[in-house]
Amino acid sequence: MKVYDDKHIKNVAFVGAHHSGKTTLAETMLFEAGLLNRRGSVEEKNTISDFHDIEKERLNSIFATPLHTEWRNYKINIIDTPGLDDFIGEIASTMRVADTVLMVVNAQHGAEVGTEIIWNYIDRFAKPTVFVINQIDHDKADFENSYKSIVDLVGNNAIKIQYPLVIDGAQCIVDVLKMKMYKFSPEGGKPEKLEIPENQKELAEEMHNELVEKAAENDEGLMELFFEKGTLNEDEMREGINKGMLHHEIFPVFCMSALNDMGSGRLMGFIDNVAPSASDLKEEQSLEGETISRSETPTTLFVYKTLNDANLGKITFFKVKSGTLEQGTKLVNSRTGDTETLNQLYIMEGKDRKQVDKLNVGDIGATLKLKFTETNDTLHTDGHKVTIKPIQYPVPRIRKSVKAKEAKDEEKLHEALRKIHSQDPTCSVEYSKELKQHILACQGELHLQVIDWQLQNLYNVKADYEQPRVAYRETIQRSATTSYRHKKQSGGAGQFGEVHIKIEPYKEGMPDPEGFNVRGVEEIDLDWGGKLVFYNCIVGGAIDARYLPAVMKGVLEVMEEGPLTGSYARDVRVMLFDGKMHPVDSNDISFKIAGAHAFKEAFLNANPKLMEPIQNLEVKMPEEMMGSVMTDLQARRAVVMGMEGEGNYQKITAKVPLAEMYKYSTSLRSLTQGRGTFTSTFDTFQPVPTNVQADLIKKRKAEIAED
Ligand SMILES: Nc1nc2c(ncn2[C@@H]2O[C@H](COP(=O)(O)OP(=O)(O)O)[C@@H](O)[C@H]2O)c(=O)[nH]1
Ligand SMILES: [Mg+2]
């Protein structure tokens with residue numbers, strides 16, 4: 001295999017909504033470049049890109065897959081990404097290695113919610129982007145509307161390089177950069193390259209001139225040339241478009257049929273000759289703020305992905321950020337300080353791989369058997385320490401409690417989940433002390449299905465998932481006074497402690513309690529939010545000051561497992577104003593027990609209230625689906641805060657109890673045929689409705705009885 005320099009390497013990320021045709025386009029490009037004898041299809045489960053068993057099972061991409069093709073002296077590295085937003089993490093990592101993004105838009109639907117979510121990522125990184133309106137062969141294709149929806153999304157910098165046309169039943173593509181028309185025979189094969197027909201000339205000229213102006217805008221020299229000559233030649237236009245793409249000021253729009261292989265050759269030509277390559281992009285900054293020069297030495301690699309393969313073991317995917325890499329190169333991991341030897345270098349082709357001797361700066365590749373290296377690590381030449389900024393992954397959107405089906409597998413399950421997390425940082429597992437459950441957090445129900453598939457098929461362990469317990473809080477709504485005497489005199493040493501307390505709801509900034517002789521106050525910020533404020537109001541030495549911490553400890557123990565449902569209690573103040581002690585039998589234990597009992601009793605008499613977590617919810621969906629989304633929200637006790645239009649979508653903002661968010665991503669997907677999306681973040685705690693509180697207390701009692 002030829003070794004390419006960074007001017008001849010084009011790293012292109014294929015992104016776009018689910019089912020727009022990215023995987024089909026990648027397959028078509030590989031075929032067109034002569035790398036495949038036979039073109040696979042997603043339906044026949046034989047594409048190079050969707051090779052994982054689960055992708056074949058589900059007929060869609062789940063993992064970002066690196067592929068490559070060679071087209072006229074250029075190497076085009078393709079990373080084919082999944083379109084469903086559950087797998088947005090793959091896009092986050094792909095953005096870090098792509099020089100150009102190719103956004104595929106389905107001509108039947110135009111820009112979709114998925115397009116928009118991905119666009120937000122692209123925009124954040126200001127990645128040069130080409131739009132491809134695919135499926136122009138489809139009965140329901142609408143090129144103009146699709147183009148308009150792209151303009152709605154990205155603005156007037158989206159500019160048509162092509163438009164489709166059907167002449168005598170034959171699909172044609174008019175190209176206003178080359179000012180030629182490609183005519184495709186229904187039998188397939190290379191298209192005929194023709195002059196633009198008379199009746200299209202005026203329109204094509206007009207579009208060509210627009211493109212010339214747009215290309216000139218980005219460069220003073222080109223602008224001068226344009227004023228001199230009134231136009232630009234093809235090379236000058238290419239230069240202008242390349243610069244415009246780099247500045248995120250031109251987004252060229254192409255059209256094609258990936259399925260029928262119409263337009264892929266021309267698109268590859270554009271990628272070769274116009275789209276930015278690794279050498280065009282600004283040099284990257286390290287975490288320490290140094291510029292990582294793309295010079296010959298030293299060598300720096302960034303690991304953007306790892307995969308645990310059943311046969312090969314750990315596969316580490318990287319991009320060469322500086323220098324060159326040869327087989328056997330030793331590099332240091334900047335995070336751990338360990339030295340790794342890269343014994344084999346590969347370029348990956350779906351599930352296959354080609355061994356190579358050398359990779360230059362700008363290229364992407366893979367290696368096996370690294371011992372210490374994980375996703376997001378930097379490997380560098382010894383003595384040239386540098387750390388490349390890590391990928392920021394999206395935060396999880398759903399949480400489940402997870403348990404091995406068979407108790408003996410519990411350890412195995414956690415080991416497997418740790419491995420899955422190391423290759424997919426968008427999911428994580430943690431033990432919650434509060435809920436007493438292992439909580440698996442991930443991007444959505446579909447993501448969960450994929451994790452479960454991996455557990456079963458790759459790690460041979462079965463798990464059960466449930467809605468996690470809801471983290472309720474308990475508090476009180478009025479004051480109460482009680483006393484408690486703890487006395488034990490059986491056997492050896494006795495126990496004695498008596499306390500008298502008053503408790504009240506605590507609010508930030510309230511004055512000290514009246515009617516007490518306040519001698520000291522301790523304000524405790526509780527780990528789970530809210531406060532306990534403890535007043536020492538003892539008069540006449542009724543209890544020794546040394547027992548006070550024990551009383552407070554007793555109160556805190558009850559607050560950690562609240563009297564109503566065992567949830568954390570918060571925002572209470574306690575006035576300890578009297579008590580009794582015994583010269584021999586009193587000790588810390590006795591006062592702790594007395595404090596706990598008194599507090600529990602007072603709490604139950606103080607009109608206790610359960611509080612539930614409320615989420616801020618933002619849902620986006622096409623207008624026609626708003627009614628059913630709204631009905632569903634109402635059934636979830638949601639309070640709708642607002643509705644507004646955003647491009648082709650409607651946005652609803654609402655406050656919804658977390659307890660009602662069960663399987664929301666699945667419901668929304670089915671209500672909107674996959675076109676709706678949501679984000680949900682914690683807002684505050686609010687009192688639960690009385691009937692819900694009664695149910696929860698009943699449930700708690702039953703649980704205790706069962707134990
Ligand atoms: N009619 C038509 N169908 C297409 C075209 N490209 C892809 N498809 C179909 O659209 C579906 C989704 O394609 P796929 O490549 O998996 O989309 P991805 O989710 O973007 O990777 C498959 O059934 C393809 O056969 C096209 O150009 N024309
Ligand atoms: Mg795909």
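The values are calculated or read from the model by the stated rules, or taken from the named source; none is laboratory data. Computed from a predicted model, the values in this text were never measured in an experiment. Backbone-built Cβ (ideal geometry, glycine too); neighbour counts: all protein chains shown.
Tell me which residues, restricted to segment 123-166, are within 13 Å of ligand 1 (Cβ to nearest atom), of a type outside the set (A, V, I, L, M) and touching a helix residue (DSSP H, G or I) at 6+ places or on another chain (Cβ under 6 Å). PRO164 - this is the single residue of segment 123-166 that is within 13 Å of ligand 1 (Cβ to nearest atom), of a type outside the set (A, V, I, L, M) and touching a helix residue (DSSP H, G or I) at 6+ places or on another chain (Cβ under 6 Å). One residue stands out in segment 431-458 among those that are of a type in the set (D, E, K, R) and either under 23 Å from the mean Cα position of the chain (by Cα) or under 18 Å from SER667 (Cα atoms) (or both): the one that is surrounded by the most Cβ atoms within 10 Å (Cβ to Cβ), namely GLU445.
Pairing residues of segment 573-596 that are in contact (Cβ under 8 Å) with a residue 24 or more places away in the chain with residues that are outside any helix (DSSP H, G or I) and hydroxyl-bearing (Ser, Thr, Tyr), at Cβ distances under 7 Å and at least 6 apart in sequence or on separate chains, gives ARG573/TYR506; ARG573/TYR535; VAL574/TYR535; MET575/TYR535; LEU576/TYR535; ALA594/TYR484.
Per the listing SER628, SER590, the residue uniquely within 30 Å of LEU671 (Cα to Cα) and either touching a His at 6+ places or on another chain (Cβ under 6 Å) or not in a strand (DSSP E or B) (or both) is SER628.
Being within 16 Å of ligand 2 (Cβ to nearest atom) and without any contact (Cβ under 8 Å) to a residue 12 or more places away in the chain is the filter; apply it to segment 1-51 and report the residue that is farthest from MET95 (Cα to Cα). Residue satisfying both the conditions and the ranking: GLU44.
Across segment 12-59, the number of residues qualifying as closer than 30 Å to ASP280 by Cα and among the charged types (D, E, K, R) comes to 3. Among the criteria (1) farther than 28 Å from ASP363 by Cβ; (2) modelled with pLDDT under 95; (3) acidic (Asp, Glu), the one GLU284 does not fulfil is (1). Taking the numbered list (1) of a type outside the set (S, T, N, Q); (2) more than 29 Å from HIS8 (Cα to Cα); (3) modelled with pLDDT of 95 or more in turn, VAL395 passes all entries but (3). Set side by side, the residues ARG335, ARG353 differ, and just one is in contact with a Ser or Thr (Cβ under 8 Å, 6 or more places away or on another chain), over 20 Å from SER295 (Cα atoms) and of a type in the set (Lys, Arg), which is ARG335. Among the residues of segment 276-332, those that are free of Cβ contacts under 8 Å to residues at least 40 places away in the same chain, in contact with an Asp or Glu (Cβ under 9 Å, 6 or more places away or on another chain) and more than 26 Å from SER422 (Cβ to Cβ) comprise THR291, SER293, THR324, GLU326. Screening the candidates VAL470, VAL461, VAL499 for the property of being surrounded by 14 or more Cβ atoms within 10 Å (Cβ to Cβ), modelled with pLDDT of 95 or more, within 42 Å of the chain's Cα centre (by Cα) and of a type in the set (A, V, I, L, M, F, W, C) yields one hit, VAL461.
Reported count of residues in segment 252-284, each being more than 15 Å from ligand 1 (Cβ to nearest atom) and closer than 14 Å to LYS160 by Cα, is 3.
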